[in-house]
Amino acid sequence: MVPPRKSSFADYDSFRIMPDNLSAIFETILDYAEEEAAGASTSQNLQNPPKKHQKLHHKNAVEILEDFAVLKNEKKEEISFQELAQSFIDDWDVANSKSISIQQLSQFLSSPKIQGVLWAAQEISAGRFAPQLPDVPFEVDEDDGVAVKIVRIVRRGEPLGATIKCERGKVYVARIMANGVADRSGCIQEKDRVLEVNGVTVADKEPREIVNLLDKCDNGIITFKLIPAEVNQKLKQKKSSHRYVRALFDYDPWQDRRHPCPEAAISFRAGDILEILDEKDQYWWQTRKIGFGALARRKESHDEEQIAGESKKVGLVPSEWLQCQSENPDGLGSSDDLQFLESRKDRYYEGVFRWRNKKKRRRVVVLLGAPGVGRNEIRRQFFKVFADRFTNAIPHTSRPPRPNETDGVSYHFTTRAEMERMIERKEMLEYGEFRDNLYGTALQSVRRASERGTVLLTPHPLAIENIRTWEFAPIVIFVQPPDFGEFKHTREVYRAQTTRSHSAASSSNVSQNTAATNARAFSDTEIRQIIENSAQMEQKYRGVCDAIIRNVDFETTMNELTGLIYNLESKATWMPTKWLADIGE
């Protein structure tokens, strides 16, 4: 007796790994059938002689499959896969085989899904499609004598999502915006020629006149009469890209003379996260604005109007290539020009990805802002209130220690020559000179401080480039001043409070060694200068900031900043793509 095979037809994995070819599948079935036929024959010979009709049916089933397996491709189209499967099932049913594998095979072939697949394969291979679709309706333009298509679109308050261009009195579809109404309809493509809009001929009309026609549509219904493009552009084009970038410059399309259609653009500011949906065009990318900063999320609000508005709008923005070409008007064609592009493109957009701090690693918190905006006061308050959480990177200096100073606590005291060597080796985060002495913060000091807690820094803006690496993964928060009136009022209140506190401490013979006791009132000119300097600094460094906070008063600022730091540490945030290679997660 031939032992049964261990494999089972109930295990469909044997079919999943087969090539996408029905011949190969039936050849596999044939192997099972031959073994089962041989097994059944041997078993019956050992017990009872097989009946004549059983032998015939076993033989017929196997021969049918053998004939199908060896047929040439052109003849296989003449065989019905369904009839073949049904004939196989009927033969084995008549044979009344007790084999479990054969029963499972019959059940498999009898499945409605398999029957449907066999039928579909037969119909498609024979070129038969049902229902038979009518011919594409067309009209004949009296002037040009060409076939045209009529497209009706309902846009329901949304922009159409297409731009046009006029060439010698003829109007063409220049661009289809990703995910727009025109794109979702699938009926309009680039290079279609527009003949009419809502029954009005557009030949020789200005773009503004055509836009007005689109705005006058009844109930949001627009009817186009188009001459189709010669080649289906959607089949011809490559797959659109999809990535996210952080803008590093401000952009206003209405101020950009290069832009062919400002109405189809979006504006953005440095630090905004942009979703690039299509960058096939060398000069103009189709983009959606997500929001500002590391916590930007497109659908964070449940306000339907907001979701349907700016956060969903797709518009054109200049590409890196176009921005670089504007700086190099002679063109970007040579190898030197390509190197110029590579060296400059990071000035415009920075690739980003979303990252969640799953391992709870400590990140350096950097407060950026203009002098006088209150960063150092905020920092001192954090060290006082959250002494067990936030820590300071101890700076270096070349001056000698004073009587009340301890090396490694107040400063790391060293020689000028040693600090100059550290600067040469690029071991300093920042440094400067004051009264012939060098001061600065070493990167190693930041590393050591990170072992004790969350480092909080208020560096010079030029130090951002040195600290903004994956090693420190900094959270950069820009501190804005309040407006002039609030600034003046809060400073006067703060000065009065610190003066009373200092007086009480002096009368009690208690020393307050804090810079807050030296608080002084700013003049109106100084306040205006701080606000102006802050605006200029924000304009320059907004692109590297993860968030912005307004320092109205210390109590409000402390509460807001605490919550902001928690969110930036615990939630998914946008990080530079160039850090991906170092993450290793």
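The values are calculated or read from the model by the stated rules, or taken from the named source; none is laboratory data. Fair warning: this is a prediction, and the values are worked out from it, not measured in the lab. Cβ atoms come from the backbone with ideal geometry, glycine included; neighbour counts cover every protein chain shown.
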Does region 255-262 contain any residue that is outside any loop (DSSP other than H, G, I, E, B), buried (at least 18 other Cβ atoms within 10 Å of the Cβ) and at pLDDT 80 or above? no
Does region 406-426 include one or more residues that are over 35 Å from the mean Cα position of the chain (by Cα), buried (at least 19 other Cβ atoms within 10 Å of the Cβ) and among the polar types (S, T, N, Q)? no
Just one listed residue, out of Lys170, Lys149, is surrounded by fewer than 15 Cβ atoms within 10 Å (Cβ to Cβ), assigned by TED's automatic domain parsing to the domain that holds Glu230 and at pLDDT 75 or above, and it is Lys170
For region 529-555, name all the residues that are surrounded by 14 or more Cβ atoms within 10 Å (Cβ to Cβ) and in a helix (DSSP H, G or I). Gln529, Ile530, Ile531, Asn533, Ser534, Met537, Glu538, Tyr541, Arg542, Gly543, Val544, Phe554
Residues satisfying the stated conditions in region 162-183, i.e. in a loop (DSSP other than H, G, I, E, B) and free of Cβ contacts under 8 Å to residues at least 40 places away in the same chain: Arg168, Gly169
Being at pLDDT 80 or above and part of a strand (DSSP E or B) narrows it down to one residue among Arg354, Arg379; which is it? Arg354
Pair list, Cβ under 7 Å, 6 or more apart: region 376-387 residue in contact (Cβ under 8 Å) with a residue 24 or more places away in the chain, other residue hydroxyl-bearing (Ser, Thr, Tyr): Asn376/Thr458; Ile378/Thr557; Arg379/Thr458; Arg380/Thr514
Residue check: is Ile423 β-branched (Val, Ile, Thr) and within 23 Å of Val365 (Cβ to Cβ)? no
Search region 175-204 for residues being of a type in the set (Lys, Arg) and touching a helix residue (DSSP H, G or I) at 6+ places or on another chain (Cβ under 8 Å), and hand back the single one that is surrounded by the fewest Cβ atoms within 10 Å (Cβ to Cβ). Lys191
Restricting to region 214-251, give me the number of residues that are in contact with a helix residue (DSSP H, G or I) (Cβ under 9 Å, 6 or more places away or on another chain) and at pLDDT 85 or above. 8
Hey, Pro403 hits all of (1) touching a Lys or Arg at 6+ places or on another chain (Cβ under 9 Å); (2) assigned to a loop (DSSP other than H, G, I, E, B); (3) exposed (fewer than 13 other Cβ atoms within 10 Å of the Cβ) but one; which does it fall short on? (1)
Considering only residues that are closer than 23 Å to Arg542 by Cα and either in a helix (DSSP H, G or I) or basic (Lys, Arg) (or both), which ones fall in region 420-468? Pro461, Leu462, Ala463, Ile464, Glu465, Asn466, Ile467, Arg468
May I ask you to say which residue of Thr469, Thr490 is farther than 16 Å from Leu568 by Cα and within 25 Å of the chain's Cα centre (by Cα)? Thr469
For Gly291, are the conditions met, namely being in contact with a Cys (Cβ under 7 Å, 6 or more places away or on another chain), at pLDDT 85 or above and either closer than 19 Å to Thr577 by Cβ or not basic (Lys, Arg) (or both)? no
